[in-house]
Every structure is written in structure tokens, then in C-alpha cells.
2 protein chains.
Amino acid sequence: MTDVAKQAVPAAWLDTVKWDVKGLVPAIAQEVGSNDVLMFAWMNREALTKTIELGRAVYFSRSRNKLWFKGEESGHVQYVREVRLDCDEDVVLLKVEQVSGMACHTGRHSCFFQRFEGSVDDGAWVSVEPVLTDPEHIYK
Amino acid sequence: MTDVAKQAVPAAWLDTVKWDVKGLVPAIAQEVGSNDVLMFAWMNREALTKTIELGRAVYFSRSRNKLWFKGEESGHVQYVREVRLDCDEDVVLLKVEQVSGMACHTGRHSCFFQRFEGSVDDGAWVSVEPVLTDPEHIYK
């Protein structure tokens with residue numbers, strides 16, 4: 001089989017994933033060790049393939065409409081130790097080592113730094129995680 | 001202010017959330033203590049309000065097009081100890097106590113029980129978590 005023919009064969013594992021109408025699936029990044037949920041993003045077929053190929057998280061940026069190699073600007077790369085798929089086969093979970101310990105563009109460890117406090121009638125989202133590095137020093 | 005007038009005032013914390021075109025946001029359920037990611041689902045405004053009001057996870061089922069009180073059939077309720085919102089304000093993270101320790105309808109602890117093994121050219125999703133209870137005994 002030539003290389004060209006080989007590339008033309010669709011990967012069964014990739015077809016197992018139930019891509020949505022836009023060809024995307026949600027992806028959750030969880031830190032190895034702490035098990036903290038770091039961030040949430042989206043992947044298309046190419047992003048998931050690249051993630052496995054390179055061993056680092058590659059997402060699909062819906063706002064920029066292109067592949068997003070996590071850490072390409074900040075240096076805060078995510079090395080992927082495990083890739084999981086859920087029971088419905090439409091959500092991916094990455095277990096990652098987070099370079100710098102900061103996944104969030106705000107300079108925080110995790111993107112989920114706002115906690116709900118109060119009640120339904122009188123509630124608020126409150127920032128409860130520290131900024132580790134000023135974003136101005138991350139993105140130059 | 002009468003009760004009726006009070007209800008008519010939109011909750012600012014609910015408006016902070018960036019609902020998608022279908023009025024939904026992704027929601028991740030993470031277990032308190034182990035920090036395991038248990039499942040992923042969707043919420044509308046009513047589901048998030050009910051979740052906070054009742055202190056238990058209420059999702060919006062896209063397939064059934066209605067509120068889904070997690071555990072309503074299985075008894076596997078999720079008691080919500082914390083609700084988080086991400087930096088973009090379009091993803092919710094619930095920190096939950098999982099009744100029975102099983103979040104998945106397959107009778108497993110977590111829905112993310114399939115692990116990718118192999119390479120891009122020769123990969124597969126492999127079940128790596130045990131079934132704790134036969135689903136036939138969960139749904140009667």
C-alpha cells in the first residue's frame with residue numbers, strides 16, 4: 001500500500017466520535033495529578049488527530065476558525081498523557097501536564113475561577129483563584 | 001415589592017452567563033474529593049436556576065427537549081457543593097457528591113471510561129473502567 005492510499009483510509013477510531021453538525025466535539029482538559037479541570041474548548045477531526053500525533057493539546061478555535069495549538073503564543077503548552085471518550089462518544093477528556101501551571105489566559109491556574117455565591121434571588125459570580133502571572137507578561 | 005414583581009426582575013448572575021443560540025451552556029460535573037470528571041451535559045437558564053435552588057444537578061436533555069433532574073430514574077442524584085463559571089462565562093463546572101458513586105448510565109463511576117490506545121494510524125477506544133452495577137438493576 002502506498003503512502004497516499006494509506007492516508008485515504010479513514011481511521012475507525014476517528015469515526016467512532018460523534019461530531020456535531022459543525023464537525024466539532026467538546027473537549028475538557030484535566031490536570032494529571034491534581035485532577036483539576038483546567039479548561040474547556042472544542043476540537044474538530046484534525047485537532048484530535050494532531051493532539052494524538054503530537055502528544056500536546058490542539059483545539060479548534062471557533063472565533064478564529066482555525067486550529068489552535070494550545071500554548072502557541074503563551075508557551076503554556078499542554079502535554080497530553082491520556083485521551084478519553086465518554087459513553088455517548090461525543091465528548092473528549094484530555095489528561096494533561098500543564099506547562100507553567102497556568103491554563104487560563106487571565107494568568108490563572110484554571111479557567112473555572114468564578115464561583116457562584118448567594119442564592120437564586122441574590123447571587124453573584126466571585127473570582128476565587130489568584131492571578132499567578134499578569135497576562136501582560138504572558139502575551140508579548 | 002410584591003412576589004410577582006420580584007420574579008419579573010431578571011437575575012444579573014444568570015445574564016452574566018453567555019448562553020448559546022439555543023439558550024444552552026455546556027456543564028461539566030466533577031466529583032468532590034476525588035476530583036474525577038464524572039460527566040458532561042447541557043443546561044438552560046431554568047436548569048441552572050433549579051440546580052442552585054435545589055442544590056442538586058438539573059440539566060437540559062437535548063434529546064428529550066426537557067429538564068433532566070439527574071437521578072430522577074436511577075436514584076443517582078448529584079448533590080451540588082459548588083458551581084463555577086469559566087473565564088469566557090460560557091461553560092459551567094459543578095462540584096458534586098455523586099450518590100452511589102455512579103454517574104454513568106452504563107453503571108460506571110464516570111462516563112469517560114473509554115481510553116484511546118495506539119497511534120493515529122492504528123488506534124482504538126478501549127473500555128478501562130469497571131461496570132459497578134448492571135444497568136438492568138439501575139433502571140427498572
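Taking the Cα centre of chain A as reference, the dipole from Cβ charges on Lys and Arg (+1) and Asp and Glu (-1) amounts to some 540 debye.
Compared with the dominant principal axis of the Cα atoms in chain B, helix B:45-54 is inclined by about 90°. Using only the Cα atoms of the protein assembly as shown, build the gyration tensor, take square roots of its eigenvalues as a ≥ b ≥ c, and label the shape rounded, prolate or oblate: rounded if a/c is under 1.5, else prolate if a/b is larger than b/c, else oblate. Because a/c hits 1.5 or more and a/b fails to exceed b/c, the protein assembly as shown counts as oblate. If we count every other residue with Cβ under 13 angstrom of A:Arg45's Cβ, Lys/Arg +1 and Asp/Glu -1, where does the sum land? Net of charged neighbours comes to -1. Look at the Cα gyration tensor of the stretch A:56-96: its axes a ≥ b ≥ c give a/c of at least 1.5 with a/b at or below b/c, and that counts as oblate. Classify the stretch B:17-117 as rounded, prolate or oblate, taking a ≥ b ≥ c as the square roots of the eigenvalues of its Cα gyration tensor: rounded when a/c is under 1.5, otherwise prolate if a/b is larger than b/c and oblate if not. It comes out rounded by the Cα gyration axes. Local charge for B:Val77 was computed over the other residues whose Cβ lies under 12 Å away, with Lys and Arg +1 and Asp and Glu -1, and equals -1. Within the stretch B:56-131, the trypsin sites (Lys or Arg not before Pro) that combine a DSSP coil assignment with at most 12 other C-beta atoms in a 10 angstrom radius are B:Arg64.
Beyond 22 Å in Cα-Cα separation lie the following of the pairs B:Lys22/B:Lys50; A:Lys50/A:Lys70; A:Lys95/B:Lys66: A:Lys95/B:Lys66. The mean number of Cβ atoms from other chains found within 10 Å of a Cβ in peptide B:26-32 is 3, as a whole number. Inter-copy label distances at A:Arg81, shortest first and taken from points set 7 Å along Cα to Cβ: 2.2 nm. Under 10 Å from the Cβ of B:Gly23, count the other residues' Cβ atoms, weight Lys and Arg +1, Asp and Glu -1, and hand me the total. Here the count lands on 0.
Read the figures in this text as sums done on the coordinates, not as results from a lab. These figures come from a predicted structure and were not determined experimentally. All Cβ positions, even for glycine, are placed from backbone atoms using ideal geometry, and neighbour counts span all protein chains on display.
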